[in-house]
Amino acid sequence: MKVALVTGASKGIGKACALRLARDGYTVVVNYSSSDEAAQQTLDQIKAEGGDGMIYKANVADLSQVKVMVREVFKAYGRIDVLVNNAGIVRDEYLMMMNPETLDK
């Protein structure tokens, strides 16, 4: 068994990555931070297509949540073979105009 952790996997590019990895035989951890329903739909689609995995709610901007998530994934599967670090936020500002707090997010 190979395990993939995909951050921001409840929709968009992250969902597409999660589905592709599942089709390629990976057990997929669908990470999300806000939409329980969308994350569950992603996992349901993975399972409907013969794959397996789990959903895990964690804000990857919070290091303590990431550490707990990784520990829980290791408890469940004993490994992480692939990380797709997809989660992100959109800030419609010029890079040079952003303050340090916004850049840290």
Check: List, please: which pairs have Cβ atoms under 6 Å, are six or more places apart or on different chains, and start with a residue in the stretch 57-78 that is free of Cβ contacts under 8 Å to residues at least 60 places away in the same chain and end with one that is assigned to a helix (DSSP H, G or I) and surrounded by 13 or more Cβ atoms within 10 Å (Cβ to Cβ)?
Finding: ALA58/GLN65; ALA58/MET69; ASN59/GLN65; VAL60/VAL66
Check: Across the stretch 46-101, which residue is modelled with the lowest pLDDT among those that are surrounded by 11 or more Cβ atoms within 10 Å (Cβ to Cβ) and among the small types (Gly, Ala, Ser)?
Finding: GLY88
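Right, GLY12: exposed (fewer than 13 other Cβ atoms within 10 Å of the Cβ), of a type outside the set (Lys, Arg) and under 12 Å from the mean Cα position of the chain (by Cα) or not? Spell out how you get there, then give the answer.
Details: exposed (fewer than 13 other Cβ atoms within 10 Å of the Cβ): yes; of a type outside the set (Lys, Arg): yes; under 12 Å from the mean Cα position of the chain (by Cα): yes.
When the stated conditions are applied, GLY12 passes them.
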Checklist line | All helices (runs of 4 or more DSSP H) inside the stretch 1-104 with 1 or more residues being in contact with a helix residue (DSSP H, G or I) (Cβ under 9 Å, 6 or more places away or on another chain) | finding: 12-23, 36-48, 100-104
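Residues that are farther than 30 Å from GLU101 by Cα and of a type outside the set (Asp, Glu): does the stretch 55-71 have at least one?
Within the stretch 55-71, none of the residues are farther than 30 Å from GLU101 by Cα and of a type outside the set (Asp, Glu).
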Next item on the list: Output the residue which, of all residues in the stretch 15-28 that are under 10 Å from THR42 (Cβ atoms) and crowded, with 23+ Cβ neighbours inside 10 Å, is farthest from the chain's Cα centre (by Cα).
Entry: ALA22
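Take the stretch 45-79 and flag every residue that is of a type in the set (S, T, N, Q) and closer than 20 Å to LYS11 by Cβ.
GLN45, ASN59, GLN65
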Check: Restricting the search to the stretch 15-56, which residues are touching a residue at least 24 places away in the same chain (Cβ under 8 Å) and of a type in the set (D, E, K, R)?
Finding: LYS15, ARG23, GLU49, ASP52
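The values are calculated or read from the model by the stated rules, or taken from the named source; none is laboratory data. As the structure is a prediction and not an experimental result, all values here were calculated from the model. Heads up, the Cβs are rebuilt from the backbone with ideal geometry, glycines too, and the neighbour counts pull from every protein chain shown.
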